Amino acid sequence: MEPSSRASRITPSLTLSLGSKAKSLQAKGVDIINLGSGEPDFDTPEFIKAAAMGSLDAGFTKYTPSSGIPELRQAIADKLKTDNGLSYEPGQITVSCGAKHACLNVLLATLDAGDEVIIPAPYWLSYPEMVKIADGAPVVVPTRLENGFKITPEEFADAMTPKTRMIILNSPGNPTGSVYTREEIEALARVAAEEDILILSDEIYEKILFDNQKHCSVASLDAAFYPLTFTVNGFSKAYAMTGWRLGYVASPPWAAAAVEAIQSHSTSNVTSFAQKGALAAYRGPQECVQAMTQEYERRRDYLVTQLGSLPKVDFIRPQGTFYLLLEIGETKLSSTQFAERLLEEEKVMAIPGIAFGDDRTVRLSYATDMESLQRGVERLIGFLKRL
């Protein structure tokens, strides 16, 4: 007996493997500093937790509509209108078990076998694997540090073939921290619109921006982009709700029913009382988001200052998210060798860039307290100096 061919095409998560090794060392009492985490170190704000707990006390524990409770879908539509200049009816919105689930729903609803999906690298590690699950073919397009790790319209056009069905854009970007400008997004969307290529716009980090950067939603820029674009977002990063598993996609009218149908036969609905927490997140005060973002920016500034003068490494100044992508090519180590030695010799966990499609890099996360970040950076600097 063997697993399906679909399962055999999927690459196991390198981040989970390293994380398991780090946890094993921690269990033995070793002082591990985690600069690899992809989740906020803050607790979920109290008013959000209170809303979920109150709904439990009220017995809100049954099935809900598969695409989400009506009031949450309306709150999302209101948010998209107010924050992003996007007009979606609640019926176009599907609330899913995290933004990852929303992305997979879209791919399953739009790809046929062999359809190509253009993915700029470095990319979030699940994009190519999700495309494979949907029987699509990921087409990885390397980007350059000097361009801020952002794909250009020319690179996009060069990667196209008659089989190209979609491009995935992620701004602010994981693992790079890059933010596309309005002009850059519009130029890429123009190329897509000329060839009727779909756009999956992953905007999960939209609220974690620095240096007065402004987030720009693809579908808001032109009427020609709207029917091509799937706007994915969620609550995990901005509201420190990673374990709640809450995301959503706003689909163009022609695809909304297909996305909902896919979900209805997989997970059905998102956890009922978690949806009440999400509703509170969007309807409640937003100062908590601002406070967390300000702290991320403070940590970003510290990290950039400390690493800026080091030899043999390079990076772009992150303009969003809580990641810094360190280019390590001059060390002559692969990203896996670098990360494994850093963990073994300095007890610092970072994520090898090969997981993100770029073996010249490692990802550092500053979603950790300042004291741990400072100790981790000191150890990293010592490691680099020895190299």
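Quick notes on this structure:
- Value of [θ]222 nm, deg cm²/dmol, for the chain, DSSP H segments ≥ 4, -39500 (n - 2.57) each, nearest 500: -13000 deg cm²/dmol
- Cα Rg, Dmax (largest Cα-Cα span) when computed across the stretch 270-387, Å: 17.1, 52
- Legend: residues Asp202, Asp115, Asp41, Asp57, sorted from most to least accessible area (1.4 Å probe; ligands, DNA and RNA excluded), read Asp57, Asp41, Asp115, Asp202.
- Seen through its C-alpha gyration tensor, with square-root eigenvalues sorted a ≥ b ≥ c, the stretch 330-387 comes out oblate because a/c lies at 1.5 or above while a/b is not bigger than b/c.
- For the stretch 227-358, the carbon plus sulfur part of the accessible surface works out to 51%, probe radius 1.4 Å.
- Counting every alpha-carbon pair across the stretch 28-90, the share separated by more than 17 Å comes to 67%.
- Across the chain, the relative contact order, built from alpha-carbon pairs under 8 Å that are at least six residues apart, equals 25 percent.
- The listed residues Lys28, Lys79, Lys132, Lys312 rank as Lys28, Lys312, Lys132, Lys79 when sorted by accessible area, largest first, using a 1.4 Å probe.
- Solvent exposure of the chain amounts to 42 Å² per residue of accessible area, where only protein heavy atoms count and the probe is 1.4 Å.
- Taken over the Cα atoms of the chain, the convex hull encloses 155 Å³ per residue.
- For the stretch 211-264 versus the stretch 340-369, the inter-centroid distance based on Cα atoms is 29 Å.
- Calculated over the stretch 206-346: convex hull of Cα atoms, volume per residue (Å³): 196 Å³
- The stretch 109-159 - Rg over Rh from alpha carbon coordinates, Kirkwood radius: 1.02
- Alpha carbon centroid spacing (whole Å) that separates the stretch 100-155 from the stretch 1-72: 23 Å
- With a cut-off of 9 Å between beta carbons, the residues surrounding Lys347 carry a summed charge of -3, where Lys and Arg count +1 and Asp and Glu -1.
- Translational diffusion of the stretch 67-163, µm² s⁻¹ [Kirkwood Rh, Cα pairs; Stokes-Einstein; 37 °C; 0.692 mPa s]: 212 µm²/s
- Accessible-area rank, largest first, for Arg6, Arg283, Arg300, Arg379: Arg283, Arg6, Arg379, Arg300, with all protein chains present and a 1.4 angstrom probe.
- Cα gyration tensor category, rounded, prolate or oblate, for the stretch 133-174 with a/c compared to 1.5: oblate
- Greater than 25 Å apart at Cα, pairs in Lys79/Lys214; Lys163/Lys214; Lys49/Lys214; Lys49/Lys100: Lys163/Lys214; Lys49/Lys214
- Gyration tensor verdict on the stretch 1-141 (Cα atoms; rounded if a/c is under 1.5, prolate if a/b is larger than b/c, oblate otherwise): oblate
The values are calculated or read from the model by the stated rules, or taken from the named source; none is laboratory data. Fair warning: this is a prediction, and the values are worked out from it, not measured in the lab. Ideal geometry is used to build each Cβ from the backbone, glycine not excepted, and the neighbour counts take in all protein chains shown. Just so you know, the surface numbers come from the protein's heavy atoms only, side chains and all, with ligands and any DNA or RNA stripped out. Shrake-Rupley method; radii C 1.70, N 1.55, O 1.52, S 1.80 Å.
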